[in-house]
Amino acid sequence: MSIVALIPARSGSVRVPHKNVRDLAGHPLMAYSIAAALESRLFDRVIVSSDSIEYLEIAKRYGAEAHLEFIEGERYDYKWMDQVLNKNWIGTKPWYFAILRPTSPFRSAETLQRCFSIWHRSKYDSIRAVEPVEQHPGKCWVIRGKTMYPLLPAGPIDPPWHSSPTQSLPEVYIQNASLEFASLEAFNRTKTISGWNIQAFITENYEGFDINEERDWREAEYLIENGLAKLPGIGSA
């Protein structure tokens, strides 16, 4: 059984420039995803994919392999994974892969081990990290002209979700950037990164924390400084 970790680290972040290599608690952000993958001992290879040679040199210093790619378009995730897993793969192809986005620094080796142990003996194509939504979509609207319409029109009529107590609404989850595992067979069969039959992995505490805005960065620093969240350990690089 062969498993690889894929860490996409493009250089073109707009909201937080160069966030993937920005210093967080003494190391580049993406170093924590590399460290968690290596510490988990789940993976035969840990591969960082980037359009930046500078990023890839940093990745190699922290123990990852480097894959240079220049891919654009709506199906970016599928295209770069196809490049790494099929078109440019050298040697025996893996059975499974994980996508570990570098913007999720509090995902630990234990998180990865727990997720894989839940999934790998199941019949699901993949497993994806999710967390409960903070703002329930049953309370959301779309506006056309000046008229509001429920975002989820298929809900009950009496009373409608938008007029019901939030605690009475069905639980809803949103995917986060922490992780997903999938089989290469499902990837090639469905031409999607997750396949069609997806298992839920509900993240705990800050495992699914994702840095997309400057305020997220400030919150991550606060969590670290106050001992509320723990980063994967990193040796000298």
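Things worth noting here:
- Filtering the stretch 1-54 to residues that are touching a residue at least 40 places away in the same chain (Cβ under 8 Å) and hydroxyl-bearing (S, T, Y) leaves S2, S11, Y32, S33, S40, S49, S50, S52.
- W161 vs. criteria farther than 22 Å from H136 by Cβ and not polar (S, T, N, Q): no
- Inclusion of A66 among residues that are surrounded by 20 or more Cβ atoms within 10 Å (Cβ to Cβ), among the hydrophobic types (A, V, I, L, M, F, W, C) and either assigned by TED's automatic domain parsing to the domain that holds E221 or farther than 17 Å from I198 by Cβ (or both) is not warranted.
- E57 vs. criteria out of contact with any helix residue (DSSP H, G or I) (no Cβ under 7 Å at 6 or more places or on another chain), surrounded by fewer than 18 Cβ atoms within 10 Å (Cβ to Cβ) and modelled with pLDDT under 90: no
A quick yes/no check of all residues on (1) of a type in the set (A, V, I, L, M); (2) more than 21 Å from A220 (Cβ to Cβ):
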residue	(1), (2)
A31	yes, no
A37	yes, no
D44	no, yes
S49	no, yes
S52	no, yes
L56	yes, yes
A59	yes, no
Y62	no, no
H67	no, yes
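- Of the residues making up the stretch 85-103, those that are modelled with pLDDT under 90 and surrounded by 21 or more Cβ atoms within 10 Å (Cβ to Cβ) number 0.
- Residue in the stretch 183-203 that is surrounded by 16 or more Cβ atoms within 10 Å (Cβ to Cβ) and either among the charged types (D, E, K, R) or not assigned by TED's automatic domain parsing to the domain that holds S13 (or both) present: no
- Residue match in the stretch 139-161 (condition: touching a residue at least 24 places away in the same chain (Cβ under 8 Å), touching a strand residue (DSSP E or B) at 6+ places or on another chain (Cβ under 6 Å) and either in the same structural domain as Q113 (by TED's automatic domain parsing) or surrounded by 15 or more Cβ atoms within 10 Å (Cβ to Cβ) (or both)): no
- Only one of the numbered conditions (1) in contact with a strand residue (DSSP E or B) (Cβ under 9 Å, 6 or more places away or on another chain); (2) surrounded by 13 or more Cβ atoms within 10 Å (Cβ to Cβ) is not met by S108, and that is (1).
The values are calculated or read from the model by the stated rules, or taken from the named source; none is laboratory data. These numbers were taken from a predicted model, which means no experiment stands behind them. Counting neighbours? That spans all protein chains shown, and the Cβs are built from the backbone with ideal geometry, glycine included.
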